[in-house]
1. Please indicate, with yes or no, whether at least one residue in segment 130-140 is closer than 30 Å to Lys8 by Cα and either touching a strand residue (DSSP E or B) at 6+ places or on another chain (Cβ under 7 Å) or among the charged types (D, E, K, R) (or both).
2. Could you say which residue among Cys27, Cys50, Cys31, Cys58 is within 22 Å of Ile128 (Cα to Cα) and touching a Leu at 6+ places or on another chain (Cβ under 7 Å)?
3. Would you check if there is a residue in segment 71-82 being open to solvent by less than 70 Å² (accessible area, probe 1.4 Å), modelled with pLDDT of 95 or more, farther than 24 Å from Thr9 by Cβ and assigned to a loop (DSSP other than H, G, I, E, B)?
4. State which residue is surrounded by the fewest Cβ atoms within 10 Å (Cβ to Cβ) when the search covers only segment 6-44 and only residues that are of a type in the set (A, V, I, L, M) and farther than 22 Å from His117 by Cβ.
5. Among the residues of segment 45-61, what is the count of those that are over 15 Å from Ile74 (Cα atoms) and in contact with a helix residue (DSSP H, G or I) (Cβ under 8 Å, 6 or more places away or on another chain)?
6. Answer yes if at least one residue in segment 48-61 is more than 17 Å from the chain's Cα centre (by Cα), assigned to a loop (DSSP other than H, G, I, E, B) and surrounded by fewer than 18 Cβ atoms within 10 Å (Cβ to Cβ), and no otherwise.
7. Are any residues in segment 83-113 within 15 Å of the chain's Cα centre (by Cα), in a loop (DSSP other than H, G, I, E, B) and not polar (S, T, N, Q), and if so, which ones?
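The values are calculated or read from the model by the stated rules, or taken from the named source; none is laboratory data. Given the structure is predicted, the values throughout are model-derived calculations rather than measurements. With ideal geometry, Cβ positions are generated from the backbone for all residues, glycine too; neighbour counts draw on all protein chains shown. Ligands, DNA and RNA are stripped out before the accessible areas are found, and what is left, the full protein with its side chains, is counted by its heavy atoms. Shrake-Rupley method; radii C 1.70, N 1.55, O 1.52, S 1.80 Å.
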Amino acid sequence: MGEMPFWKTKSLEEMSQAEWESLCDGCGLCCLNKLEDWDTGEIAWTSVRCTLLDGETCRCKDYENRQATVPDCIQLTPKRVREISWLPPTCGYRLVAEGRGLYWWHPLVSGDPETVHAAGISVRGRSIAEDGIDIDDYEDYLVTWPLEVGLEPAE
C-alpha cells in the first residue's frame, strides 16, 4: 500500500510552498470577476476574467508579479481560504480546508493538468478578458456555471 498523499495528511499550514501551489487545479474560476451586493453580501459571478488570466491555459500570465498589475489580486493563505465565501466549490484549497477529498480531474489525482479542462471545470473557452469592458457592463456577463461545475469528489 502506498503512502498517503500530502493533502490527506497535512493541514494547509503544514504544506511546503510547492505542495501549496500544487493544490491549484488550474481552473481559473477564482480569477473571474465577481460582483457583490453591498446590502446582502451576495456574490454574483461573471464570465469576465482578470486581465492576467490566459483564457486558454487558465493560468496567470505574470503570477510572480501579479499584484503590481492587479493590486486587488487576492493572495490566498490558509486563513483566507477559510474566510473567503466565494471560492468555487471545486477549489482544491477549499476542499482540503474542509477535510474533503480532491476531485478525480484534479491534476494531483489524475496526474494530468489537462483533465480539469476535459472535465469542463475550467474557464477555458467560456470567459472574456476584462480589458476594454466597463465595470458598469459586468452585469451583462453574469453566469451561474462557476458554482455548478463538478461532481462528488473521487476520494
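1. No - not one qualifying residue is present in segment 130-140.
2. The match here is Cys31.
3. No, the conditions are met nowhere in segment 71-82.
4. Ala18
5. Here the count works out to 5.
6. Filtering segment 48-61 for residues more than 17 Å from the chain's Cα centre (by Cα) gives none.
So far as segment 48-61 goes, no, none of its residues is more than 17 Å from the chain's Cα centre (by Cα), assigned to a loop (DSSP other than H, G, I, E, B) and surrounded by fewer than 18 Cβ atoms within 10 Å (Cβ to Cβ).
7. Of everything in segment 83-113, those that are within 15 Å of the chain's Cα centre (by Cα), in a loop (DSSP other than H, G, I, E, B) and not polar (S, T, N, Q) turn out to be Ile84, Trp86, Leu87, Pro88, Pro89, Cys91, Leu102, Tyr103, Trp105, His106, Pro113.
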